[in-house]
Amino acid sequence: MESEITFRISAGLIFFALTVIRIYYAIVAVRSGSSFSIRRLGSPRAFLAWFLYAFILLSALVYILAPSWLARAALPLPSALRWSGVAVGVGSVLLLLWVHRTLGKNFAASGIIQARQTLITTGPYQWMRHPMYTTFFIISLSFVLITANGFIAIMFLLFGVFLPSIIQTEEQTLLEKFGDEYREYMQRTGRFLPRWGAKDE
């Protein structure tokens, strides 16, 4: 029981840190003129991916505040694996902060490109085009491991299946905005992970 409380506290601290980072940079973006609209989430599959991610976060919050609600779906994961989830969660906080600091005022809603927006190719973006979504995937994985919950694990697997759907709309928007510059950028970077063997310019 004591270890379960420790995992709940760890999940809560990670959840809090992630939330603070997102809120802070959303405020920065809004103050600089960025817009956010649920109508620009893309295809129904992309909307479903966002729904699943939100559900994972909500379920993690339920685990933190009222774990008995999810008790029936508990998985018998060893403590070492759950602690690795805590480490992954801490890493996801650092990665999310890095991604947001790199984007700065370019941060905007998925699929929305501001007139003043520039193509970011520094920080994690020098190796992969969508490190933000990679971070969301890692965050989801960390909560699966920390909570040791089968329900959250299923949502995580489905999120992984539908996650690429988000990118289709976004990359088309970026191609329309940046044209050949973005096509060249696509050739030397991976979507979610670095493209091994790609040469930096």
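The values are calculated or read from the model by the stated rules, or taken from the named source; none is laboratory data. As the structure is a computational prediction, the values presented were derived from the model and not from experiment. Quick reminder, even Gly has a Cβ in these numbers, built from the backbone with ideal geometry, and neighbours come from all protein chains shown. Ligands, DNA and RNA are stripped out before the accessible areas are found, and what is left, the full protein with its side chains, is counted by its heavy atoms. Shrake-Rupley method; radii C 1.70, N 1.55, O 1.52, S 1.80 Å.
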Suppose we filter region 47-66 for residues that are in contact (Cβ under 8 Å) with a residue 60 or more places away in the chain and either open to solvent by 30 Å² or more (accessible area, probe 1.4 Å) or among the hydroxyl-bearing types (Ser, Thr, Tyr) (or both); how many remain? 7
Is it true that some residue in region 67-83 is part of a helix (DSSP H, G or I), within 18 Å of the chain's Cα centre (by Cα), among the aliphatic types (A, V, I, L, M) and buried (at least 18 other Cβ atoms within 10 Å of the Cβ)? no
Selection count where residues are under 13 Å from residue 192 (Cβ atoms) and open to solvent by 20 Å² or more (accessible area, probe 1.4 Å), scope region 142-165: 2
